[in-house]
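Input: a single structure, listed below in structure tokens.
The values are calculated or read from the model by the stated rules, or taken from the named source; none is laboratory data. Everything numeric in this text was worked out from a predicted model, so none of it was measured. Methodologically, a virtual Cβ is constructed for each residue, glycine included, from the backbone with ideal geometry; neighbour enumeration extends over all protein chains shown.
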Amino acid sequence: MSEFVLDAEVREVTGKHAKYARGRGFVPGVYYSRGEACINIQVEKPRLDPLVFTSETHVIDLHLKDGSSHKCILRDVQYDPVSDLPIHFDLQGLRENEKLTIEIPVVLTGGIPKGVRDGGMVQHMLHKLRISCLPKDIPEKVEIDVSNLEINHSVHVRDLNIPNVTILEGVDSAIVGVMPPTVVKEEETAVPVAEEAAKEPEVVGKGKKAEEGEGAEPAKAEAKPAAGKEEKKEKK
């Protein structure tokens, strides 16, 4: 892994006053290492950009204006939510014989996968890998050749072999794969509402007629005059 030389100066102003450093074109930061006192620093923004806007991991050779130097890595960067520019950074000191945990970027190589040319779609699930290793064994990045990746095929963590590095991700975790194309089924043509409405009264009407014919009650006979009234007519 190549080293990156970063020139910085000790920052006397801290806390809320760090905005004055930003106003002068500096990005405030802090260097820390186990067993050492933290050092507040600031770096000119153009010098920090190559470390922040990159897809590679670097071991940093930090040079301070007091003449001291420190081996470290970029541990964290904070960005402005509006401008998306770095406003603060953390550097972690390295010890030669002490392993550290770090995330390294995953870069896809090989151009367009075979499965994509056959109609599939690439899904890149893990963009960074969490690893543990000695400072001298830190890889700049992990490259995965996807040129021969076919549909329904994936590259998993278990498929990687990085010398002197322990990968801390799950062995069955998929890193990148080619998924089959999505098939959209055509919706069934709905029967027009007007047509259904036209058929409905006809069926109902026939049913009613049939019911009236079968279940109609016989007409009631005309009422006969009462027997008493007939007798009175005869007497007259």
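Considering the conditions (1) exposed (fewer than 14 other Cβ atoms within 10 Å of the Cβ); (2) assigned to a helix (DSSP H, G or I), Gln123 is excluded by exactly one of them, (2).
A search for C-beta distances below 6 Å between a residue of the stretch 21-49 that is in the same structural domain as Asp80 (by TED's automatic domain parsing) and free of Cβ contacts under 8 Å to residues at least 60 places away in the same chain and any residue that is surrounded by fewer than 20 Cβ atoms within 10 Å (Cβ to Cβ) and basic (Lys, Arg), counting only pairs 6+ apart in sequence or on different chains, returns Gly25/Lys45; Asn40/Arg11; Ile41/Arg11; Gln42/Arg11. For the stretch 88-98, the tally of residues that are under 20 Å from Gly25 (Cα atoms) and either crowded, with 18+ Cβ neighbours inside 10 Å or without any contact (Cβ under 8 Å) to a residue 12 or more places away in the chain (or both) stands at 2. A Cβ distance below 6 Å, combined with a sequence gap of six or more or placement on separate chains, defines the contacts here; from the stretch 128-139, residues that are charged (D, E, K, R) reach residues that are surrounded by fewer than 14 Cβ atoms within 10 Å (Cβ to Cβ) and in a loop (DSSP other than H, G, I, E, B) in the pairs Arg130/Leu168; Asp137/Asn164. Which one is farthest from the chain's Cα centre (by Cα), of the residues in the stretch 86-115 that are of a type in the set (Lys, Arg) and closer than 23 Å to Ile167 by Cα? Filtering first and then ranking leaves Arg95. Do we have any residue at all in the stretch 131-139 that's buried (at least 17 other Cβ atoms within 10 Å of the Cβ) and over 30 Å from Glu44 (Cβ atoms)? Among the residues of the stretch 131-139, at least one is buried (at least 17 other Cβ atoms within 10 Å of the Cβ) and over 30 Å from Glu44 (Cβ atoms), which makes the answer yes.
Given Phe53, Phe26, which one is among the aromatic types (Phe, Trp, Tyr), surrounded by fewer than 17 Cβ atoms within 10 Å (Cβ to Cβ) and over 21 Å from Lys136 (Cα atoms)? It would help to see each step written out before you state the result.
On the way: Phe26 fails: surrounded by fewer than 17 Cβ atoms within 10 Å (Cβ to Cβ).
Testing whether each residue is among the aromatic types (Phe, Trp, Tyr), surrounded by fewer than 17 Cβ atoms within 10 Å (Cβ to Cβ) and over 21 Å from Lys136 (Cα atoms) leaves just Phe53.
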